[in-house]
Amino acid sequence: MTTAALSSAPEAGESAELLSRDPSTGKPIGSVPIAAPEEVRSAVARVRDAATTWADLEARERRRHLDRWRRTIADRRGELLELLQAEAGKAPADALLEVNLALHHLEWAAVHSRRALAPQRVRSGLMMLGHTSTLVRRPYGVIGVIGPWNYPVYTPMGSIAYALATGNGVVFKPSEHTALIGQWLVDRFADAAPDHPVFEAVHGFGATGAALVEAGTDKIAFTGSVGTGRKVMAGCAASLTPVLMELGGKDAAIVDTDADLDDAADAIVWGALMNAGQTCAGVERVYAVDEVYDALLERITHRAGQIRAAIDYGAITMPAQIDVIAEHIDAALTDGGRATVGGRESVRSPFVDPVVLVDVPEDSAAVREETFGPVLIVNRADDVHDAISRANGTPYALGAAVFGRRRGRWIAEQLRSGMVSVNGVVDFGAVPALPFGGNGASGFGRIHGIPGLQEFTTCMSITERRLRLPVRPQRFSRSRVDIAALVLLLNRHRRVRR
Ligand code: NDP
């Protein structure tokens, strides 16, 4: 057997290492072993064993371990921040923001898991008088978390922390582009909770992710592109493994007549360019109503024109994404759009400077498909209804932003997306109590918040007979009195007002 450092899938029988590179320089910065399918299955089996004890702990005991993990990450934040810059190409401020957000969620999940797991008494209703009814939540067992590279700490933490806090074990397949960061998180958990080996990583390319899908986990939490999401779902269908899908987006910002235009432009430019535009819920389209369009565009053009790749944000992490970004700029310009900032020359691999495009037809690939780069389309809308209809016009429905005073909340509620920030961008992602996720092609299921904790639990419904009432129609021994009681109950429904 040979050991090779690879940047593609290993040949059969080859024991291989996954080489991680700095996307800004292409230089190798470390490696991790690639897990073969049998190693992935072993990891799931080991975590399943350990998760039995973990699930039996009181929520407050698990919280102590998770708090220790949080403190360990915070104490050694220098290493993680360096890795985020070296492996994910993050600008220092983006890395700092990401670690902060991730720890904020880890804290919230640990504190609130007790509430999410608490048995819930519900009314038994007339048919079941004399019974108590309770909804009990239990961990699934082992959750397979498959994560992307764009927010390699914050995004998977939305599944990992919430799954661990509710008593599950986790086997994590980080993106091949951010494997070292994934392994670092696992190693710090091992430092913090050495007696509970409930969190492991398996590394490799798509094949390792596919192996995890087939490895007998109890649920898969997938974050990534629509195309891979389809493959993951098909894999889960074979074993009826439940799946949570956090997929891509083409988020729009709507700017209404009474918006604070300076603030809107400032927020939109950040929402579009932060992390080099590699943000699932970043702003890719703007629809500004006619009255404010020109003034907003002037502000956006001015601000975006001051931002520089390699200074204000980092490199494009995944080399193949550069082609998609270039194709979308070409498509927008060929389809009749024009650039007010940058253009095709802004793509200088591995960096892409800001590009602002206007008048791009709604059927252009640049408007309909996820670009995942620092490219912003600013289109004019006739009025707010036109803006809403265009914002809702792609299959994606992840997040959105609305800028306006009087009708902000109303506009938000007309959108199909799973999350909306009014007078801000991506603000919902920083509120741990709010569920995070999309609709349509952006996926289903939720991370974060109580629904995000409960996403990693199964529910069991328990009824308990407490009183032995004389009427018992659910028996073969039922009497005429029981039948009469059923007729009475049925007749109630005939009295409903017409
Ligand atoms: P991909 O879909 O390419 O990959 C996601 C993960 O799936 C990676 O770990 C990848 O491994 C793995 N994978 C690849 N093929 C398979 C397979 N056949 N079976 C199982 N797993 C597989 O997404 P990206 O990593 O490129 O992430 C960017 C995408 O993620 C964007 O579309 C973005 O919008 C979305 N995203 C969504 C978020 C949300 O919350 N809705 C948040 C963040 C990102 P490998 O990398 O080794 O190929």
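Please treat every number below as a calculation from the coordinates, not as lab data. None of these values were measured; they are calculated from a predicted model. All Cβ positions, glycine included, derive from the backbone under ideal geometry; neighbour counts span all protein chains shown.
Within the stretch 247-292, restricting attention to residues that are outside any helix (DSSP H, G or I) and of a type in the set (Gly, Ala, Ser), which residue is nearest to the ligand (Cβ to nearest atom)?
Gly248
Pick from Val402, Val426, Val384, Val378: which is among the aliphatic types (A, V, I, L, M) and within 16 Å of the ligand (Cβ to nearest atom)?
Matching residue, one of Val402, Val426, Val384, Val378: Val426.
For the stretch 277-291, which positions are under 15 Å from Pro148 (Cα atoms) and either β-branched (Val, Ile, Thr) or without any contact (Cβ under 8 Å) to a residue 40 or more places away in the chain (or both)?
The answer is Thr279, and nothing else.
Inspect the stretch 409-419 for any residue being in contact with a helix residue (DSSP H, G or I) (Cβ under 6 Å, 6 or more places away or on another chain), within 16 Å of the ligand (Cβ to nearest atom) and part of a strand (DSSP E or B) and give the result as yes or no.
yes
Residues that are small (Gly, Ala, Ser), surrounded by 14 or more Cβ atoms within 10 Å (Cβ to Cβ) and part of a loop (DSSP other than H, G, I, E, B): does the stretch 478-494 have at least one?
Checked the stretch 478-494: no residue is small (Gly, Ala, Ser), surrounded by 14 or more Cβ atoms within 10 Å (Cβ to Cβ) and part of a loop (DSSP other than H, G, I, E, B).
Go through Leu101, Leu117, Leu135, Leu126 for me and flag whichever is in contact (Cβ under 8 Å) with a residue 60 or more places away in the chain and within 18 Å of the chain's Cα centre (by Cα).
Within the list Leu101, Leu117, Leu135, Leu126, the selection yields Leu101.
Out of the stretch 252-276, which residues are of a type in the set (D, E, K, R) and either free of Cβ contacts under 8 Å to residues at least 60 places away in the same chain or touching an Asp or Glu at 6+ places or on another chain (Cβ under 8 Å) (or both)?
Correct list: Asp262, Asp266.
Within the group Glu455, Glu464, which residue is among the charged types (D, E, K, R) and within 14 Å of the ligand (Cβ to nearest atom)?
Being among the charged types (D, E, K, R) and within 14 Å of the ligand (Cβ to nearest atom) holds for just one of Glu455, Glu464, which is Glu455.
I'm trying to understand the selection: among the residues of the stretch 176-201, which are in contact with a Ser or Thr (Cβ under 6 Å, 6 or more places away or on another chain) and within 23 Å of Gly89 (Cα to Cα)?
Of everything in the stretch 176-201, those that are in contact with a Ser or Thr (Cβ under 6 Å, 6 or more places away or on another chain) and within 23 Å of Gly89 (Cα to Cα) turn out to be His177, Ala179, Leu180, Arg188.
For the stretch 129-146, check the following and say yes or no: at least one residue is farther than 22 Å from Ala51 by Cβ, within 14 Å of the ligand (Cβ to nearest atom), touching a strand residue (DSSP E or B) at 6+ places or on another chain (Cβ under 7 Å) and of a type outside the set (Phe, Trp, Tyr).
No: the stretch 129-146 contains no residue that is farther than 22 Å from Ala51 by Cβ, within 14 Å of the ligand (Cβ to nearest atom), touching a strand residue (DSSP E or B) at 6+ places or on another chain (Cβ under 7 Å) and of a type outside the set (Phe, Trp, Tyr).
Could you say whether any residue in the stretch 429-450 is in contact with a Gly (Cβ under 9 Å, 6 or more places away or on another chain), closer than 17 Å to Ala272 by Cβ and within 16 Å of the ligand (Cβ to nearest atom)?
yes
When only residues in the stretch 217-230 that are surrounded by fewer than 16 Cβ atoms within 10 Å (Cβ to Cβ) and not hydroxyl-bearing (Ser, Thr, Tyr) count, which is farthest from the ligand (Cβ to nearest atom)?
Looking at residues that are surrounded by fewer than 16 Cβ atoms within 10 Å (Cβ to Cβ) and not hydroxyl-bearing (Ser, Thr, Tyr), I get Arg230.
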